[in-house]
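A quick write-up on the structure given underneath.
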Amino acid sequence: MSATAEATIVVDGVSKWFSGVVAVSDVSLVVEPGVTALLGPNGAGKTTLLRAIGGLTQPSQGRVTVFGETVRRNPGVYRRIGYMPEHESVYDFLTGRGFVELAARLQKVEDLDGAVRRAIETVDLVEHQNRRLGGYSRGMRQRMRLAATLVHDPPLLVLDEPLSGTDPAQRLHLRDVIRALAAEGRTILVSSHILEEVDELADRIHLMVSGKLAASGDYRAIRQKLDDRPFHVRVDCADPRALAAGLVGLEAVESVEIAGTVGLRVMSRDVSSLQRSLPAVARELGVRLTRVEPLDDSLESVFEYLATGSGR
Amino acid sequence: MTAIFGLTVRQLAGSRRLWLVLGLVALPVLAALVFRTGESTTTSARFADNVTRTLIGSAILPLVMLLFATSAFGNELVDRTLGYLALKPIARWRIVLPKLAAAFVVGGLPVAASGSVAVALVDGGALGGALATGAGLLVGAAAYAALFTWAGLATRHALLMGLVYVFVWEATLAAYLDGVRFLSIRRYTLAVIHGLDGARLATIDNPLSAGVALVAAAIVVVGFTALTVRKLVRMDVP
């Protein structure tokens, strides 16, 4: 693939497999300044791809460059990268400040005290900086890990599930921090498995499903694809044949299948219209509804639809 | 490198295994005190040799170094904190050397001090044997540190591998097979002690000269340090 002149990260045909299990399959993408989200369900290969970008793992195939350089076996490039791993483990015996100081020392930051102070202020943990990390809540640990990640003021931040474990207030705060860091011209790549989480955070979204890149675009484009997908609804009632005959004429209904003696499987692309029409049709036909349940409302099925064009 | 050295010392010294190690390290001194205060049919030289050879050289030194050196990287692999070091602009040898040094300092120094004090107590305060014992134990500690630090990074079964090396290879095979003696850190340790003080360990059958033992120990240190650096460069960091 051809990289644009502004691309900070270029992932070119990267695959990674472990003992015959494919974690990432032929992914190519570029990441430019601003906030880019890598979205996908758990097990989609997001972390493996981020680890390949960060040089923590060697791709089985393909190439990753950051600022035009390979990262693997090139530790000098980490001066320009702040990478926050997914797992939350830290050195529990260190204080929050000690942890950020350690990162600053290893990065050979010149104004160590100033950089540590600014980083801790950024994540709003000044009050708790002298407590041991072992006593921190999950959200506080995430924020202090972010402080350690940005203490050397890198132009690229790679954050694996940075909002995980945070409460709503912390989430809003971290979102604002990430947006502010991006507004200063940085490239920020975040991963998440929650679509709404990346709304208002990311300028661009790369959607990964089953190790493959399923879709790319801004939040609106991804949302539109979600809204366009067909929904399957299970409807249990006293007389499924009569209700199927009544539903099949509705504009919102694409197909109706009879499932057993009391059930229907209805497919619709306009679920809100179906929600309004279904009770009215049942009432008109004198059919009592006993159960209405969306069959494919899980995030995994949404991702699967976007990846393959067919839901479950 | 001081930041990683300090971090590793705190990791190793702050763990519960420190108490076990302190208990082990106290044993030679306790044995020496018992010898000095009680009646014994053996000579002080023979007792000092036995403590050095069987208690410290065969058990305490290798076990203490096994516990600490395998943890120098092993802890960070288990709790997945190695990334915090690997994701920094630091050449890999600059990560390995301070970790090795930390294992040597936290494990090797107390054992060497314990051995020296024990021998000095048994010898009635004579320093020659004590210093030779300390120096030999430090040579052994450095070699064990390099071997077991590599093992801690290279395999999840480093402790088992180390125990097999110490109790099967060094304690059993090396006692019967001449060739194996040249591949035994325990033998290097004892040979250096004997080389520095000819009166110490004179009765044991040790085919190595102190010079050969020092060169062999240096080869182990350099070789396994290089292997550890190579492993860290090539491995996937968890």
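Just so you know, all these numbers are worked out from the coordinates, no wet-lab data involved. It should be emphasised that the depicted structure is a prediction, and the values quoted were computed from it without experimental measurement. Note that each Cβ is placed from the backbone with ideal geometry, even for glycine, and that neighbours are counted across all protein chains shown.
The rows are residues; the columns are (1) farther than 20 Å from B:Gly83 by Cβ; (2) within 14 Å of chain B (Cβ to nearest Cβ); (3) in contact (Cβ under 8 Å) with a residue 40 or more places away in the chain; (4) surrounded by 20 or more Cβ atoms within 10 Å (Cβ to Cβ).
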position	(1), (2), (3), (4)
A:Gly13	yes, no, yes, no
A:Trp17	yes, yes, yes, no
A:Ser25	yes, no, yes, no
A:Pro33	yes, no, yes, no
A:Leu38	no, no, yes, yes
A:Ile53	no, yes, yes, yes
A:Leu56	no, yes, no, yes
A:Gly62	yes, no, yes, no
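Checked across region B:214-233, the condition of being more than 14 Å from chain A (Cβ to nearest Cβ), closer than 30 Å to B:Thr43 by Cα and buried (at least 19 other Cβ atoms within 10 Å of the Cβ) holds for no residue. Of all residues in region B:122-138, none satisfies being surrounded by fewer than 24 Cβ atoms within 10 Å (Cβ to Cβ), in a helix (DSSP H, G or I) and among the β-branched types (Val, Ile, Thr).
Residues in region A:35-59 that are of a type in the set (Gly, Ala, Ser), farther than 15 Å from A:Pro162 by Cα and part of a loop (DSSP other than H, G, I, E, B): A:Gly43, A:Ala44, A:Gly45, A:Gly54, A:Gly55.
Does any residue of region B:178-195 turn out to be part of a helix (DSSP H, G or I), within 30 Å of B:Ala126 (Cβ to Cβ) and among the hydroxyl-bearing types (Ser, Thr, Tyr)?
Restricting attention to region B:178-195, the residues satisfying the condition of being part of a helix (DSSP H, G or I) are B:178-181, B:185-195.
Those left that are additionally within 30 Å of B:Ala126 (Cβ to Cβ): B:181, B:185-195.
Cutting the leftovers down to among the hydroxyl-bearing types (Ser, Thr, Tyr) gives us B:188-189.
Yes - at least one qualifying residue is present in region B:178-195.
Scanning region A:208-254 for residues that are crowded, with 20+ Cβ neighbours inside 10 Å, β-branched (Val, Ile, Thr) and farther than 12 Å from A:Leu278 by Cβ yields A:Val209, A:Ile222. Taking the criterion of being crowded, with 20+ Cβ neighbours inside 10 Å and under 17 Å from the mean Cα position of the chain (by Cα), the residues of region A:171-189 that qualify are A:Leu174, A:Arg175, A:Ile178, A:Thr187, A:Ile188, A:Leu189.
Just so you know, in region A:90-116 the residues that are surrounded by fewer than 17 Cβ atoms within 10 Å (Cβ to Cβ) and outside any helix (DSSP H, G or I) include one that is farthest from the other protein chains (Cβ to nearest Cβ), and it is A:Asp111. If you filter region A:125-138 down to residues that are buried (at least 16 other Cβ atoms within 10 Å of the Cβ) and either in a helix (DSSP H, G or I) or of a type in the set (Asp, Glu) (or both), you find that the one that is farthest from the chain's Cα centre (by Cα) is A:His128.
Could you identify the single residue in B:Leu82, B:Leu87, B:Leu7, B:Leu77 that is within 14 Å of chain A (Cβ to nearest Cβ), touching a strand residue (DSSP E or B) at 6+ places or on another chain (Cβ under 6 Å) and either touching a residue at least 40 places away in the same chain (Cβ under 8 Å) or over 15 Å from B:Ala142 (Cα atoms) (or both)?
Numbers: B:Leu82 fails: touching a strand residue (DSSP E or B) at 6+ places or on another chain (Cβ under 6 Å); B:Leu7 fails: touching a strand residue (DSSP E or B) at 6+ places or on another chain (Cβ under 6 Å); B:Leu77 fails: touching a strand residue (DSSP E or B) at 6+ places or on another chain (Cβ under 6 Å).
Of the residues listed, the single one that is within 14 Å of chain A (Cβ to nearest Cβ), touching a strand residue (DSSP E or B) at 6+ places or on another chain (Cβ under 6 Å) and either touching a residue at least 40 places away in the same chain (Cβ under 8 Å) or over 15 Å from B:Ala142 (Cα atoms) (or both) is B:Leu87.
Going residue by residue through region B:52-66, is there one that turns out to be more than 14 Å from every other protein chain (Cβ to nearest Cβ), surrounded by fewer than 16 Cβ atoms within 10 Å (Cβ to Cβ) and over 15 Å from the mean Cα position of the chain (by Cα)?
no
Taking the criterion of being closer than 18 Å to B:Asn75 by Cα, crowded, with 23+ Cβ neighbours inside 10 Å and more than 7 Å from chain B (Cβ to nearest Cβ), no residue of region A:78-89 qualifies.
When residues in region A:73-89 are screened for being out of contact with any Lys or Arg (no Cβ under 9 Å at 6 or more places or on another chain), within 17 Å of A:Leu189 (Cβ to Cβ) and assigned to a loop (DSSP other than H, G, I, E, B), 0 of them pass.
Residue-wise test of (1) in contact with a Ser or Thr (Cβ under 7 Å, 6 or more places away or on another chain); (2) on the phi < 0 side of the Ramachandran plot; (3) among the aromatic types (Phe, Trp, Tyr).
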position	(1), (2), (3)
A:Ala52	no, yes, no
A:Gly55	no, no, no
A:Ser60	yes, yes, no
A:Gly68	no, no, no
A:Val71	no, yes, no
A:Pro75	no, yes, no
A:Ile81	no, yes, no
A:Gly96	no, yes, no
A:Glu101	no, yes, no
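Restricting region A:150-170 to residues that are among the β-branched types (Val, Ile, Thr) and more than 19 Å from A:Val31 (Cβ to Cβ), the residue that is surrounded by the fewest Cβ atoms within 10 Å (Cβ to Cβ) is A:Thr166.
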